[in-house]
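The values are calculated or read from the model by the stated rules, or taken from the named source; none is laboratory data. None of these values were measured; they are calculated from a predicted model. Cβ coordinates were reconstructed from backbone atoms using ideal geometry, including for glycine residues, and neighbour counts include every protein chain displayed.
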DNA sequence: TTTATTTCTTAATAAACATCAAGTGGATTA
DNA sequence: TAATCCACTTGATGTTTATTAAGAAATAAA
């Protein structure tokens with residue numbers, strides 16, 4: 001299992017000493033999800049952070065019997081359920097693998113021990129949240145005030161593998177439109193291209 | 001000027017020692033904005049954090065000549081331009097006072113010095129970002145997948161003073177609808193109530 | 001106070017998007 | 001192989017929301 005890519009990402013945020021890393025690594029476990037396998041379910045409290053080595057996870061909540069997709073996580077993503085992990089309240093969201101997915105799993109407790117033990121990790125913790133936060137703010141800005149077609153184009157541009165790997169209905173829900181409408185948008189775009 | 005409310009908020013997140021606080025206070029300055037006065041403009045890099053003692057600030061960006069409102073900050077809010085402050089890139093957003101507004105202003109540099117000097121402040125920094133992030137995530141969830149009327153009701157419920165203090169067109173833009181449409185929603189709601 | 005100016009409302013029309021219903025094609029299973 | 005299922009497409013129709021334009025009501029300026 002490839003711990004190195006995780007290390008690289010963290011190093012890119014702030015430096016980590018070798019003994020800190022070795023200490024941290026002890027807490028890792030690994031998990032392989034099949035297609036459509038559930039990672040976390042709503043109403044659970046999220047007590048783990050994961051790193052996606054390979055694969056793809058989406059998350060959604062239920063609104064009047066419909067699944068509303070709120071996020072997509074590709075390989076090299078580090079994430080948890082932000083609200084539940086930080087506030088220790090039950091998840092609203094469900095997390096499901098769209099492909100066979102390989103994960104590094106790190107217990108929340110382990111992370112907080114690292115924060116206590118090393119100032120550098122406390123900083124890493126801050127900077128990782130800052131990073132997540134700015135990314136999510138930017139995504140919001142790209143969506144806000146735009147029509148469905150613009151949102152779709154902006155999403156496709158930011159995630160090249162998206163169309164091949166994510167079913168239309170998941171993308172549609174993520175964009176807050178119906179599958180039928182997205183299908184028509186695609187048709188319109190393909191016509192205007194040729 | 002009331003530094004105590006700021007202190008209370010921070011203490012609510014994680015404990016601060018008296019000498020840490022006194023050190024921190026040295027960096028404070030104070031600013032009073034008139035109605036419609038600009039706090040920060042787009043293309044500037046945001047190098048300050050502010051605390052709103054009294055008043056109200058909104059922010060927006062320009063899209064095809066229209067102002068698109070993305071945030072509202074009421075008294076007791078602590079904020080900066082997330083993207084610009086953290087990544088030190090130019091702001092996309094403009095920040096303007098909707099009322100006479102009194103602020104505590106803290107330079108970014110000062111904050112980062114506090115982070116270096118005190119582990120407790122590094123933690124405070126992390127927890128403040130976590131707090132901001134979870135709040136923004138929750139707001140997104142309240143909006144996502146909802147029609148304009150539901151979004152309006154959810155917003156009004158979360159901010160009681162809103163209707164009296166924020167002009168309709170600002171609220172409409174924040175909800176991503178036209179002022180005309182919000183006006184009709186209000187009419188419909190007032191009719192169905194009586 | 002009177003005049004501007006802005007904010008809000010209302011109506012008619014148009015665009016964006018949803019819903020319902022049916023059909024196609026590919027993949028999975030019996 | 002046929003039957004079943006699922007993802008996607010297409011069309012007809014309805015709802016939501018935007019646009020344009022005009023007028024009323026509130027605010028600010030003269």
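Observations, loosely collected:
- Enumeration of residues in the range B:185-194 that are surrounded by 13 or more Cβ atoms within 10 Å (Cβ to Cβ) and more than 8 Å from DNA strand D (Cβ to nearest atom): B:186, B:189
- Residue in the range A:173-184 that is at negative phi and away from DNA strand D (no atom under 15 Å from the Cβ) present: no
- In the set A:113, A:122, A:42, only one residue is surrounded by fewer than 19 Cβ atoms within 10 Å (Cβ to Cβ), out of contact with any strand residue (DSSP E or B) (no Cβ under 6 Å at 6 or more places or on another chain) and over 22 Å from residue A:2 (Cα atoms); that residue is A:113.
- Those residues of the range A:95-110 which are within 14 Å of chain B (Cβ to nearest Cβ) and crowded, with 21+ Cβ neighbours inside 10 Å, in sequence order: none
- Test: residue in the range B:166-175 that is more than 8 Å from DNA strand C (Cβ to nearest atom) and loosely packed, with under 13 Cβ neighbours inside 10 Å: no
- Here is the figure for the range B:130-172: residues that are within 16 Å of DNA strand D (Cβ to nearest atom) and in a helix (DSSP H, G or I) total 20.
- The lone exception for residue B:99 - which of (1) farther than 18 Å from residue B:59 by Cα; (2) within 16 Å of DNA strand C (Cβ to nearest atom) it fails: (1)
- The single condition from (1) more than 29 Å from residue A:87 (Cβ to Cβ); (2) touching a strand residue (DSSP E or B) at 6+ places or on another chain (Cβ under 9 Å) that residue B:23 fails is (2).
- 3 or more residues over 16 Å from residue B:136 (Cα atoms), within 9 Å of chain A (Cβ to nearest Cβ) and touching a residue at least 40 places away in the same chain (Cβ under 8 Å): qualifying strands (runs of 3 or more DSSP E) within the range B:44-94: none
- For the range B:152-165, a tally of residues being more than 12 Å from DNA strand C (Cβ to nearest atom) and surrounded by fewer than 19 Cβ atoms within 10 Å (Cβ to Cβ) returns 8.
- Checked against (1) at pLDDT below 95; (2) touching a strand residue (DSSP E or B) at 6+ places or on another chain (Cβ under 8 Å), residue A:66 meets all criteria but (2).
- Residue within the range A:115-136 that is within 16 Å of DNA strand C (Cβ to nearest atom) and out of contact with any helix residue (DSSP H, G or I) (no Cβ under 7 Å at 6 or more places or on another chain) present: no
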